[in-house]
Amino acid sequence: MATPVNLTRPFDPRLFLIDQELDRGAGLLLSGADLLLRAAEPARKAAGLSKTEMQILMAIRYRPGLTVGQLRGALGMTVPTFARILGQLDGRGLVEKQREGADGRRRKLTLSDAGVTLTTPIAIELRERLRLAFRASGPEAVAGARVLLEALVK
């Protein structure tokens with residue numbers, strides 16, 4: 001049986017690529033994502049969105065212009081589930097689909113004005129949680145976190 005990893009010990013920058021530090025980083029990223037989602041729960045519920053609907057709308061908000069297929073792949077959803085929920089959101093007037101170039105089958109997704117309005121309270125909650133963490137971390141840490149996260153999502 002594996003020994004539990006102590007995630008509370010001080011960070012030693014010389015050891016950032018050893019398994020224990022990588023495990024600590026993964027644990028912190030997952031915990032941070034969970035806390036962000038929990039912070040957004042009241043706003044999500046007030047907007048009348050399911051967790052999956054919120055996930056799709058926020059992904060469109062933060063990455064506008066992805067095609068339907070790109071977004072579905074990025075979210076790791078099955079085609080039927082994604083198509084059903086996206087269709088519901090489109091039917092509610094929350095998303096807009098624009099043709100991509102000469103290929104009329106590919107559609108780029110953006111939020112409609114109603115979609116932006118509906119997701120703004122959620123975005124505010126997420127911003128405030130990040131603002132507190134960023135202030136506590138300092139500008140160098142924030143810059144490093146941005147580089148790390150951008151490398152992670154590429």
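Distant-in-sequence amide contacts of Ser112, defined by a placed amide H-H separation under 5 Å and a gap of 5 or more residues or a different chain, comprise Val95, Glu96. A Förster radius of 30 Å combined with the Cβ-Cβ distance from Gln88 to Arg38 puts the calculated FRET efficiency at roughly 0.80. Computed from Cα atoms, the angle from the helix 79-91 axis to the main principal axis of the chain rounds to 60 degrees.
Between the Cα long axis of helix 51-62 and the first principal axis of the chain there is an angle of about 90°, rounded to the nearest 10. With θ taken as phi - 60° and the Karplus curve 6.51 cos²θ - 1.76 cosθ + 1.60 applied, the whole-hertz 3J(HN,Hα) list for the range 115-121 is x, 5, 4, 5, 8, 4, x Hz, x standing for glycine and proline. The modelled label-to-label distance for the pair Ala74/Val142, using points 7 Å beyond Cα in the direction of Cβ, is 2.3 nm. Seen against the Cα atoms of the chain and their longest principal axis, helix 19-47 is set at about 40 degrees.
For the chain, the mean residue ellipticity at 222 nm estimated from helices alone is -22000 deg cm²/dmol, where every DSSP H run of n ≥ 4 contributes -39500 (n - 2.57) and the total is divided by all residues, rounded to the nearest 500.
Readers should treat all values here as calculations from the given coordinates under stated rules, not as data from a laboratory. Note that the structure is a prediction, hence the values are computed from the model and not measured. All Cβ positions, glycine included, derive from the backbone under ideal geometry; neighbour counts span all protein chains shown.
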